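The values are calculated or read from the model by the stated rules, or taken from the named source; none is laboratory data. Fair warning: this is a prediction, and the values are worked out from it, not measured in the lab. Using ideal geometry, Cβ is built from the backbone for each residue, glycine included, and neighbour counts are taken over all protein chains shown. Only protein heavy atoms, including side chains, enter the accessible area calculation; ligands, DNA and RNA are left aside. Shrake-Rupley method; radii C 1.70, N 1.55, O 1.52, S 1.80 Å.
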Amino acid sequence: MKCAWILLSALVAFGAYYVYAPLPSSISEPWKLMFLDAVFRGTQDLSNLMHYFGFGHHLRVLNFISGYFDKLDAESCENVQVTDTVFDGIQIRIFDPTEAHDEALKRGIIYLHGGGWALGGARTRSYDQLCRAVAEGVNAVVVSIEYRLLPDVHFPEQLNDALHATKYFLRPAVLAEFSVDPSRIAISGDSAGGNLAAAVCQQLAQDDYAVNKIKLQALIYPVLQVLDFNTPSYQQNMDMPILSRYVMARFWLHYLNGNYNFIHPLLVNNHTSFDVNQAVALRERLNWSSLLPSGFKKHYKPVVQRMGTPQVIQEIPAMLDVRASPLIAERENLKLMPKTYILTCEYDVLRDDGLMYAKRLEEAGIEVTYDHYEDGFHGCMIFATWPMYFSVGARTRANYIKWLDDNL
Ligand SMILES: *[C@@H]1O[C@H](CO)[C@@H](O)[C@H](O)[C@H]1NC(C)=O
Ligand SMILES: *[C@@H]1O[C@H](CO)[C@@H](O)[C@H](O)[C@H]1NC(C)=O
């Protein structure tokens, strides 16, 4: 009996320790977020354990478990017609508002979901609901691209899928089939999807045929660079739910198909030290000392190593590829970007990726709308409906939809 009590107390103590993570009081609904984070961490730990015991790749296990909880219950929405199709071999989910309007042609939005290039999908409940809300709120045709995921494919395949599907949609005959106005098309995505959206925009701009085909880009807490894991937001939020710095660095190594042992050099910026010649020039393009407004720099200091680990870039040259890190694009290419909306959250390692990109685009003469949330955390925009409702989730979603409606 006594033994059982000791065991029970130990379990409760362990449970509380596992769930409890000190969070800033100004973050949106900290207690709810703490539990959400514990569920996320628990799922990740379970996936790593299954991987260890040979049940399958941890990303596949993780995607399976999260997919199970994020399954779509046959939900009917009278105002939006949902169809699954294929564009140039790539799975697509189309959200078409059925409500009759005066205008004959509708606006079009290409959407790329987030999830570290590994998780989520156009057909999961979170993204299905988001795209329905956007289609209905903007009265636009939303094309959600089901690009292939890790660990089946790595960089640049996710981007190639996004690019091929986008180019297919932009064909005059395809736009006509969906009654979409060719002069009113936006591209958008969140997190890793924001990375793909920004990269697709830059790639299209290099293409004589496609240049000027996109009217707007809307990037939601995008991932934009792999060269500095010590921006003020990476330092401030390294243990913040639901995306820690360690987990983000691990997603990067997966995406670029690099060796896991490089994670520690990455976290201390050893991959972009002074003895790595190719990286030094690029670091100017993500120099947060000059690109961030002073309010965001706080007391943080740049982390630049004199001597580092040059093997990282030697073995993973994709680290210097602008298609992976849209933030390091040349100014000449940025000048060709469309009008831009960038949403950032205070409690997010990726906050400064977004802020620096906004600043570089502005310096290249592009009109940029910054939309920053002081109580926001990474991923909040998909938590806008029951049972995972956060007030900041609903606010980000409403303002994002309003911006698209006003500008597209
Ligand atoms: C970054 O910007 C600061 C301030 O403008 C400057 O002092 C520093 O030399 C720059 N660093 C690099 C690597 O360009
Ligand atoms: C960073 O590089 C230095 C110099 O090569 C090395 O001594 C140090 O161990 C490296 N740090 C990590 C975390 O890899």
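Considering region 165-215, the residues that are of a type in the set (Lys, Arg) and under 11 Å from residue 337 (Cα atoms) include one that is least open to solvent (accessible area, probe 1.4 Å), namely 213. Applying the criterion of being more than 8 Å from ligand 1 (Cβ to nearest atom) and β-branched (Val, Ile, Thr) to the residues of region 266-288, the residue that is farthest from residue 330 (Cα to Cα) is 268. For residue 403, the conditions (1) modelled with pLDDT of 95 or more; (2) closer than 30 Å to residue 39 by Cα; (3) open to solvent by 10 Å² or more (accessible area, probe 1.4 Å); (4) of a type in the set (Phe, Trp, Tyr) are fulfilled apart from (2).
Among all positions in region 369-391, there is no residue which is buried (at least 21 other Cβ atoms within 10 Å of the Cβ), within 16 Å of ligand 1 (Cβ to nearest atom) and at pLDDT 95 or above.
Scanning region 261-306 for residues that are in a loop (DSSP other than H, G, I, E, B) and either open to solvent by 40 Å² or more (accessible area, probe 1.4 Å) or in contact (Cβ under 8 Å) with a residue 60 or more places away in the chain (or both) yields a total of 15. Only one entry of 320, 291 meets the criterion of being within 16 Å of ligand 1 (Cβ to nearest atom) and closer than 27 Å to residue 162 by Cα, and that entry is 320.
For beta carbons closer than 9 Å, sequence separation of 6+ or different chains, a first residue in region 28-39 that is more than 18 Å from residue 345 (Cβ to Cβ) and a second that is open to solvent by 40 Å² or more (accessible area, probe 1.4 Å), the qualifying pairs are 38/18; 38/20; 39/69.
Quick check on region 216-244: of everything there that is open to solvent by 30 Å² or more (accessible area, probe 1.4 Å) and assigned to a helix (DSSP H, G or I), which residue is farthest from ligand 2 (Cβ to nearest atom)? Once the filter is applied, the top-ranked residue is 236.
Of all the residues in region 72-89, those that are modelled with pLDDT of 80 or more and either open to solvent by 80 Å² or more (accessible area, probe 1.4 Å) or more than 18 Å from residue 214 (Cβ to Cβ) (or both) number 10. The residue list 363, 346, 374 contains one member that is more than 16 Å from ligand 2 (Cβ to nearest atom), in contact with a Leu (Cβ under 9 Å, 6 or more places away or on another chain) and in the same structural domain as residue 124 (by TED's automatic domain parsing), which is 363. So is residue 157 closer than 16 Å to residue 93 by Cα, surrounded by fewer than 19 Cβ atoms within 10 Å (Cβ to Cβ) and among the charged types (D, E, K, R) or not? Against the criterion (closer than 16 Å to residue 93 by Cα, surrounded by fewer than 19 Cβ atoms within 10 Å (Cβ to Cβ) and among the charged types (D, E, K, R)), residue 157 does not qualify.
In region 316-338, of all residues being over 19 Å from residue 353 (Cα atoms) and surrounded by fewer than 16 Cβ atoms within 10 Å (Cβ to Cβ), the one that is farthest from ligand 2 (Cβ to nearest atom) corresponds to 332.
The rows are residues; the columns are (1) under 30 Å from residue 207 (Cβ atoms); (2) at pLDDT 95 or above; (3) not aliphatic (A, V, I, L, M).
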| position | (1), (2), (3) |
| --- | --- |
| 262 | no, yes, yes |
| 284 | yes, no, yes |
| 290 | no, yes, yes |
| 294 | no, no, yes |
| 312 | no, yes, no |
| 354 | yes, yes, yes |
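Taking region 350-368 as the region of interest, how many residues are in a loop (DSSP other than H, G, I, E, B) and open to solvent by less than 40 Å² (accessible area, probe 1.4 Å)? Here the count works out to 3.
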